[in-house]
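Engineer: Have a look at this one.
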Amino acid sequence: MAEPEPVYRAPAPQRQGDRVWLHLLLLLLTLASTTLVGAAHYASFMSDFGTRPVIQTSRLIWNGLPYSLTILGILGAHEMGHYLACRYYKIDATLPFFLPMPLVLTGTLGAVIRIRQPILYKAPLFDIGIAGPIAGFLVAVPALFCGLALSTTLPVPRNFVGAELGEPLLFRAAEWLVWGTMQHGLDINLHPVALAAWFGLLVTALNLFPIAQLDGGHISYAVFGRYSTRITLAATLVVASLVLVSLSWLVWTILLVAMLVFVGPRHPPVIDEDAPLDRTRLVLAALALIMFVICFTPAPIQVMDLIRPN
C-alpha cells in the first residue's frame, strides 16, 4: 500500500495585517509611472522609427495604458502566483508591492511580496518559487502574440539611432509565426504591448537564474539541496561574465553581488534538505529550465547606431 503524501500545510499562523492602503498607493503610483513611460513608447511607435512627427498632446497619455496594463498584468500575475501558493500552504506573506520608477525604460522596478515566516519543507518552497514564473509566463505569452499582431514592419532609416532589443528564442518564434520571414531591409516596429511582453520575458529569465533566493534559487535548492550553493556561485560568475557581452547586465550583476554579500550564497535550509523531490515536481523543474532558456537573451538592450546602406 502506497504511503500517503506528507502534509506540508501547517496550522494557520497569526497573520500580520496588510497595510492595504500602502499596496494600493504603490499600485496607483506604478500605474501612473508605467502609463507615462508607455505614452513615450507609443509616441515612438507612431513615429515609425523617427520618420514621422508625433504631436505631443494630453490625449497621448491615454495611449500609454495598453503598455501599462500589460506590464502590470505580467508582474501582478507573477507575484500573485507566489502569494496564492503561500496562502495555500498557510504561510504568511504580504500582498504584492509594486515599485514605481518613471525614469527607467520600463516605468517600474517590478513588484515583490515579503514572506514573513520560514518555509520548512522542500515541496512548499519549490511550489512557491515556481508559481510566480509560471503565472507571469502564462500572461506574457498571449500578450506577446497580441503585441506583435499590433506591430508594423517598416524599412529602418539609414541613420536611425535607438536601442536594439535582444530577442529571446520565444520572441523569435512568435515573431516568425506572426510575420513570417522578414524581407531584407525591414524590421518590426514594436507596439508598446509587445514591448511590455518583451520585458515580461526578461523578468521571467532574470528570476529563474538559479541564484540564492531568486525564484530559480528556490527551485535549485529544492532540487539539489546543499549543492545549490555551488550552482549559485557558478551562475553569479556567468552573469558577471555577461557584462562583457552587454553592459546592460552591469546593474543586475551589482544587485546580485550585493544580495550575496548581505544574505550569503547558501539558501536557508529546510527540514527535509536531503529528501528527493517527487517526479511531478522534477518535471516542473525541467519545464522551468526550458522557460529560462526560451526567455533568456545574452544582450537584452544595446544602444547603437544602426546604419543602413542606400
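The numbers here are math on the coordinates, done by the rules we state, and not lab data. Fair warning: this is a prediction, and the values are worked out from it, not measured in the lab. Don't worry about glycine lacking a Cβ; one is built from the backbone with ideal geometry, like all the others, and counts go over all protein chains shown.
Engineer: Two-decimal Rg/Rh of the range 156-310 from alpha-carbon positions, Kirkwood Rh? It would help to have the intermediate numbers written out before the result.
Structural biologist: Values: Rg = 18.8 Å, Rh = 17.6 Å.
Over the Cα atoms of the range 156-310, Rg/Rh equals 1.06.
Engineer: On to the next question. Between residue 92 and residue 266, what FRET efficiency comes out of the Förster formula 1/(1 + (r/R0)^6) with R0 = 22 Å and r the beta carbon distance, rounded to 0.05? Numbers along the way, then the final one.
Structural biologist: Numbers: r = 23 Å, r/R0 = 1.06.
For R0 = 22 Å, the calculated efficiency reads 0.40.
Engineer: Another question about this same structure. If amide hydrogens are placed 1.01 Å from N in the peptide plane, which non-local residues have theirs closer than 5 Å to the one on residue 109?
Structural biologist: Here 99, 101 satisfy the definition.
Engineer: Something else about it: Tell me the net charge near residue 268. Cut-off is 15 Å between Cβ atoms, residue 268 excluded, with +1 for each Lys or Arg and -1 for each Asp or Glu.
Structural biologist: +2
Engineer: Another question about this same structure. Any chance you could give the angle, 0 to 90 degrees and rounded to 10, that helix 169-179 forms with the longest Cα principal axis of the chain?
Structural biologist: Relative to the chain, helix 169-179 is tipped by roughly 40 degrees.
Engineer: List the trypsin sites (Lys or Arg not before Pro) within the range 92-185 that DSSP assigns to loop and that have no more than 11 neighbouring Cβ atoms inside 10 Å. Intermediate values should be presented prior to the final figure.
Structural biologist: Values: sites: 114, 116, 122, 158, 172; in loops: 114, 116, 158.
Passing both the DSSP loop test and the Cβ count: 114, 158.
Engineer: What do the square roots of 5 times the Cα gyration tensor eigenvalues come to for the chain, in whole Å, largest first, as semi-axes of the equivalent ellipsoid? Could you put the intermediate results ahead of the total?
Structural biologist: Numbers: eigenvalues 281, 100, 62 Å².
Output for the chain: semi-axes of 37, 22, 18 Å.
Engineer: If you average 1/r across every pair of different Cα atoms in the range 45-180 and take the reciprocal, what Kirkwood value do you get, in Å?
Structural biologist: Final number for the Kirkwood radius of the range 45-180 is 17.8 Å.
Engineer: Let me know the Kirkwood hydrodynamic radius for the range 150-225, please, with Cα pairs as the basis and the value in Å to one decimal. Can you show the working numbers first?
Structural biologist: Values: mean 1/r = 0.0678 Å⁻¹.
One over the average 1/r among Cα pairs gives 14.8 Å for the range 150-225.
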